């Protein structure tokens with residue numbers, strides 16, 4: 001399921017995700033959502049996966065994937081469409097994983113649906129050798145049973161800790177540690193939770209919103225007066241506007 005990056009690239013499913021313009025509301029108190037959290041806790045994979053609200057800010061051209069790269073000043077990730085031919089497939093791993101609904105047209109196909117990646121990160125592959133394979137089957141079955149197969153997926157936790165804030169531009173997205181954004185600015189930002197970490201305390205299973213996607217008056221993608229060509233341009237805009245610490 002998550003074994004070879006080059007196999008997964010063939011099944012990249014980013015463009016089938018719902019666009020950010022039609023963000024559905026997710027009831028995180030619903031039985032279905034809580035059941036997904038319980039499955040993560042049951043198989044003890046809360047340190048490897050969190051729940052992810054599925055959405056896309058752009059359409060990825062053929063021959064490319066959405067790839068995130070770590071940045072250090074400020075601390076976070078820059079994610080942008082990248083040509084597969086320019087990537088060392090041994091140094092990336094699936095980051096956002098969801099049901100491949102496009103290939104499921106019958107009940108039999110739904111029962112055997114696979115989880116495929118829609119976004120990748122530069123880093124060594126996630127280790128899943130110690131994860132019971134029944135986890136993925138039970139998680140996928142729960143998604144279909146509760147009608148969440150196009151709304152909720154898994155996010156691999158690797159090299160990321162703490163709450164994050166996502167700023168989207170027309171060519172890519174900046175995911176920054178919450179502490180990198182001024183506290184007074186955070187309180188003014190309109191946002192949606194898009195990632196939840198599952199926590200277990202005294203035997204009780206709970207979840208905590210870890211990632212927020214910023215919403216502008218123009219939508220989720222930041223409209224700018226200057227052309228954004230890369231991460232430095234995106235950071236300059238946020239610094240000039242006094243958003244960053």
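We did not get these values from a lab; they are worked out from the coordinates using the rules stated. All figures in this text were calculated on a predicted structure; none of them were measured in a lab. Here the Cβ is made from the backbone with ideal geometry for all residues, glycine too, and neighbour counts use every protein chain on show.
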### Query
What's the exposure ranking of 144, 196, going from fewest to most Cβ atoms within 10 Å?
144, 196
### Task
Compute the length gained on full extension between residue 73 and residue 178: take 0.36 nm times their separation in residues and subtract their Cα-Cα distance, giving the result in nm to one decimal.
36.5 nm
### Summary
Exposure-ranked with fewest Cβ neighbours within 10 Å first, 20, 132, 190 stand as 190, 132, 20
### Query
Where the centroid of each part is defined by its Cα atoms, how far is the range 172-223 from the range 36-97 in Å?
16
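With a 10 Å Cβ neighbour count serving as the proxy for reagent exposure, in which order, fewest first, do 164, 58 appear?
Working: 164 22, 58 19.
Least crowded to most crowded, the residues run 58, 164.
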#### Entry: P(r) weight above 20 Å for the range 115-245, C-alpha pairs, percent
57
### Query
How large is the helix-only mean residue ellipticity at 222 nm for the chain, computed as the sum of -39500 (n - 2.57) over DSSP H runs with n ≥ 4, divided by its residue count, in deg cm²/dmol to the nearest 500?
-5500 deg cm²/dmol
### Query
In the chain, what percentage of the DSSP-assigned beta bridges are antiparallel, given to the nearest 5?
85
